[in-house]
Structures are given as C-alpha cells and as structure tokens.
Amino acid sequence: WRSFTVIAGAFPKDLADIKKHSQHKLPRNDWHIWEIFAKATKDRVPSFGDYAIQHGAFEEHEGKHFNFSASIRYTTSEYWVIMRGEGVQNENGAGYSQWPAQAELLRCRNDFSGPQFSAGDLYIHTMPQELVKTGTPTDWLAAGFNHHLTFVVRQIDGFFAGLKSNALSLESNPSQHTLQV
C-alpha cells in the first residue's frame with residue numbers, strides 16, 4: 001500500500017446532550033487511540049486523520065434547523081472545549097450575541113492558544129469587542145476548523161519530532177513513517 005492512514009471521529013453527533021450555558025471538555029479519543037497505536041507500532045506509523053470539530057456522518061437534514069445553538073468548539077491537545085449556548089431563536093434568549101460572550105470566556109482560558117496561533121484564533125480573540133456583527137454559524141465553525149487544522153498539524157509534527165529522536169526513519173510520505181528496530 002502506498003499510504004496508510006488511520007481516520008477516526010470521536011466528536012459527538014450533536015451537542016444536544018451537553019448542558020447549555022456552560023463550558024465542557026470532551027476527550028479527543030480519536031487522537032488518543034491513534035497516538036497509543038503509533039507509539040506501539042514497530043513497523044509503519046500510520047498518518048492521522050479525523051473529522052475535526054464535527055461528527056463524521058453527515059445527514060440530509062443537517063444545517064436546516066433554524067434554532068441551532070450558539071456554541072464554540074475548540075481543540076486542545078487532550079480534549080475539545082465546548083462553549084455551549086442555547087438556541088439563537090429562543091424567546092427571551094441572547095440570540096447571536098452568545099458567540100462574542102463565549103469567545104470572551106474562551107480567550108480567558110489557559111488552553112486558548114492566542115491570536116497569533118491561527119486565523120481562527122485571531123477571529124475568536126477579536127470578536128468579543130464586536131457588538132453589531134456577531135458572526136454567523138459558518139463564521140464560527142470556520143474559526144473552529146481553522147484552529148483545529150492548525151493545531152493538529154502542529155501536534156502531528158511534534159509527535160513525529162519526538163519519535164525521530166527515538167530512531168524514526170522519516171520518509172517523504174508521512175504515511176510511510178517506519179520505526180527502525
């Protein structure tokens with residue numbers, strides 16, 4: 001085989017079971033399982049793939065709910081931070097202004113990577129000052145995806161840098177990484 005990739009998805013199908021108006025940590029089991037397997041292998045180390053901050057199975061009706069919750073999904077090395085809001089159309093609710101408020105809470109967390117980390121982090125960092133244009137669901141997902149992809153690429157790079165010091169043979173194709181025994 002020319003390439004060998006392990007792709008997994010540990011992000012929940014939706015956030016319905018997560019308490020509203022709170023912050024949560026969901027374990028990144030897809031990363032943890034791959035890391036354990038990759039460290040244990042004596043042969044070819046597989047490339048890593050995930051579904052980022054979404055569930056891997058797309059459904060026809062997805063995105064057609066008009067009262068979606070305002071929520072931020074943010075990747076860290078061990079878990080996803082979920083800033084869970086309520087439906088944006090809820091009567092007497094905070095609506096779209098939940099996102100800038102959640103961004104303010106997120107950027108105060110120790111696991112916020114800072115505005116220089118990625119374009120998504122810069123967006124999250126600047127949005128708490130925004131009082132008029134609070135962002136759309138697409139904007140917030142794009143910021144989360146941008147952060148996730150940047151984070152995971154650096155995480156994979158760090159993983160292989162650690163293995164390299166333990167006699168990893170790095171070939172031009174990351175899926176052909178092999179450990180020398």
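The values are calculated or read from the model by the stated rules, or taken from the named source; none is laboratory data. The structure displayed is predicted, hence computed values, not measured ones. Note that each Cβ is placed from the backbone with ideal geometry, even for glycine, and that neighbours are counted across all protein chains shown. Side chains included, ligands, DNA and RNA excluded: accessible areas come from the protein's heavy atoms. Shrake-Rupley method; radii C 1.70, N 1.55, O 1.52, S 1.80 Å.
Would you list the strands (runs of 3 or more DSSP E) that sit entirely within segment 4-86 and hold 2 or more residues that are surrounded by fewer than 12 Cβ atoms within 10 Å (Cβ to Cβ) and in contact (Cβ under 8 Å) with a residue 12 or more places away in the chain?
22-27
Return yes when Phe117 is touching a helix residue (DSSP H, G or I) at 6+ places or on another chain (Cβ under 6 Å) and under 24 Å from Gly158 (Cβ atoms) and no when it is not.
Here the answer is no, as Phe117 does not meet what is asked.
Within segment 136-166, track down each residue that is outside any helix (DSSP H, G or I) and surrounded by 11 or more Cβ atoms within 10 Å (Cβ to Cβ).
Thr136
I need the full set of residues from segment 103-135 which are open to solvent by 60 Å² or more (accessible area, probe 1.4 Å), in a loop (DSSP other than H, G, I, E, B) and either in contact (Cβ under 8 Å) with a residue 12 or more places away in the chain or within 19 Å of His24 (Cβ to Cβ) (or both), in order please.
Answer for segment 103-135, where residues must be open to solvent by 60 Å² or more (accessible area, probe 1.4 Å), in a loop (DSSP other than H, G, I, E, B) and either in contact (Cβ under 8 Å) with a residue 12 or more places away in the chain or within 19 Å of His24 (Cβ to Cβ) (or both): Cys108, Asn110, Glu130, Leu131.
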